[in-house]
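Read the structure below first, then the notes.
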Amino acid sequence: MLLEALVAMLVMTALGLGLVFTQGRAAVAQKTLRSQNLAVVRMRVLLQGDQAALCQTPSPTLPLTPSVSLPLTVRCSTRNMAVDAPAAGTGSAAVTVPVVTLSVSSPALLGPGTLTLSTVAP
């Protein structure tokens with residue numbers, strides 16, 4: 001009888017530890033997802049702002065909170081594109097479009113990989 005109770009307690013302990021482990025992993029995943037979402041929102045705000053000033057900043061940072069900023073990689077270039085305007089009757093025209101690409105990575109805060117946003121699709 002005592003041995004059965006001991007085995008039951010060990011099984012319950014193992015189940016409890018498994019639940020605690022799963023809860024901890026879920027909390028870490030939620031923190032990472034929340035940080036990634038905040039970073040994407042801040043990067044979108046930067047892309048919608050003054051892109052020329054962003055390209056001229058020597059060491060740009062991405063402020064996530066008042067006390068946390070991440071180093072930001074900014075790539076500025078141009079891309080030639082053809083624009084069709086059949087309604088205007090002019091056919092197509094070649095235009096030069098500025099392309100700004102922002103990248104940020106922080107394995108400790110954002111998880112593995114790099115978040116990249118650009119003004120023009122690749």
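Anything in the range 99-122 that is of a type outside the set (Val, Ile, Thr) and assigned to a loop (DSSP other than H, G, I, E, B)? List them, or say none.
Passing the criteria: 105, 106, 111, 112, 113, 121, 122.
Can you confirm whether residue 52 is closer than 24 Å to residue 120 by Cβ, over 16 Å from the mean Cα position of the chain (by Cα) and in a helix (DSSP H, G or I)?
The answer is yes for residue 52.
Is there any pair with a first residue in the range 110-122 that is within 16 Å of residue 76 (Cβ to Cβ) and a second that is at pLDDT 85 or above and of a type in the set (D, E, K, R) whose Cβ atoms are under 7 Å apart and which are 6 or more apart or on different chains, and what are they?
117/44; 120/79
For residue 37, indicate whether it is among the polar types (S, T, N, Q), closer than 13 Å to residue 117 by Cα and modelled with pLDDT of 85 or more.
Taking the combined requirement at face value, the residue satisfies it.
Tell me yes or no: at least one residue of the range 16-34 is outside any helix (DSSP H, G or I), free of Cβ contacts under 8 Å to residues at least 12 places away in the same chain and over 30 Å from residue 97 (Cα atoms).
no
Considering each of 59, 77, 69 in turn, give the residue that is part of a loop (DSSP other than H, G, I, E, B) and of a type in the set (Ser, Thr, Tyr).
The conditions single out 59.
Looking only at the range 26-55, count every residue that is of a type in the set (S, T, N, Q) and exposed (fewer than 15 other Cβ atoms within 10 Å of the Cβ) and tell me the total.
To start, the set of residues in the range 26-55 that are of a type in the set (S, T, N, Q) comprises 30, 32, 35-37, 48, 51.
Next, only the ones that are exposed (fewer than 15 other Cβ atoms within 10 Å of the Cβ) stay: 30, 37, 48.
Residues meeting the conditions: 3.
So, in the range 35-67, exactly how many residues are touching a residue at least 40 places away in the same chain (Cβ under 8 Å) and hydroxyl-bearing (Ser, Thr, Tyr)?
1
If you take the residues of the range 81-122 that are more than 24 Å from residue 34 (Cα to Cα) and in contact with a helix residue (DSSP H, G or I) (Cβ under 8 Å, 6 or more places away or on another chain), which of them is modelled with the lowest pLDDT?
Here the answer is 98.
Determine if the range 4-11 includes at least one residue that is touching a residue at least 24 places away in the same chain (Cβ under 8 Å), more than 15 Å from residue 117 (Cβ to Cβ) and either of a type in the set (Gly, Ala, Ser) or part of a helix (DSSP H, G or I) (or both).
no
The values are calculated or read from the model by the stated rules, or taken from the named source; none is laboratory data. Just so you know, these numbers come straight off a predicted model, no measurement behind them. When we count neighbours, we look across all protein chains shown, and the Cβ atoms used for this are built from the backbone with ideal geometry, even at glycine.
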